[in-house]
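The values are calculated or read from the model by the stated rules, or taken from the named source; none is laboratory data. As the structure is a prediction and not an experimental result, all values here were calculated from the model. As a convention, Cβ positions derive from the backbone with ideal geometry for all residues, glycine included, and neighbour counts pool all protein chains shown.
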Amino acid sequence: MQRLEVPQSSSAAQEVPSLAPLESAAALAAPLAQLAHDARASPGSRGSAATTALHAALISLPPLEANGAALLQLLDDGAFHELRADDGSSTRMLAVQTLLRLGYPWALQVHPDELAWFRRTQAAEKQRKRLIVLGVLGSLAVAAAWFFGT
């Protein structure tokens, strides 16, 4: 069996790309804070273009240290409270989901009160959906009974 020889080059260390981030932590976190500020400042914050941009940024947020730190700080400051998208989804809920998606260590640093609120809101949303389905099914049953009963 023949061994492959790897040519030794003095410039091999220079060819390896750097894994260090290209931007500082503050530069990465600044757009998220600016989007949150713009969404809160926009008139009729529900469904505004700034709120839509903030939701898009939260959904596509990469798991970087600066993003996790900025998101935690914005949550602690209450920057996402009362903000809702066009579909009525809560920006605060999406922010907590994003932190949980970012994983360790950010998911562990979510304040217990935020997690309790998140779980209550999630349970209430599931209950609301169940009630809507039951209401629709009940209406269909009444309509069927009326239609076939007469």
If the requirement is being surrounded by fewer than 19 Cβ atoms within 10 Å (Cβ to Cβ) and either farther than 21 Å from Ala124 by Cα or in contact with a helix residue (DSSP H, G or I) (Cβ under 6 Å, 6 or more places away or on another chain) (or both), which of these qualifies: Leu75, Leu71, Leu99, Leu108? Leu108
Is at least one residue of the stretch 59-66 in contact with a helix residue (DSSP H, G or I) (Cβ under 7 Å, 6 or more places away or on another chain), farther than 22 Å from Glu125 by Cβ and either loosely packed, with under 14 Cβ neighbours inside 10 Å or of a type in the set (Asp, Glu) (or both)? yes
Restricting attention to the stretch 69-100, which residues are over 17 Å from Gln34 (Cβ atoms) and at pLDDT below 85? His81, Glu82, Arg84, Ala85, Asp86, Asp87, Gly88, Ser89
Tell me, yes or no, whether the stretch 119-128 has at least one residue that is among the β-branched types (Val, Ile, Thr), under 19 Å from His55 (Cα atoms), surrounded by 10 or more Cβ atoms within 10 Å (Cβ to Cβ) and outside the structural domain of Leu58 (by TED's automatic domain parsing). yes
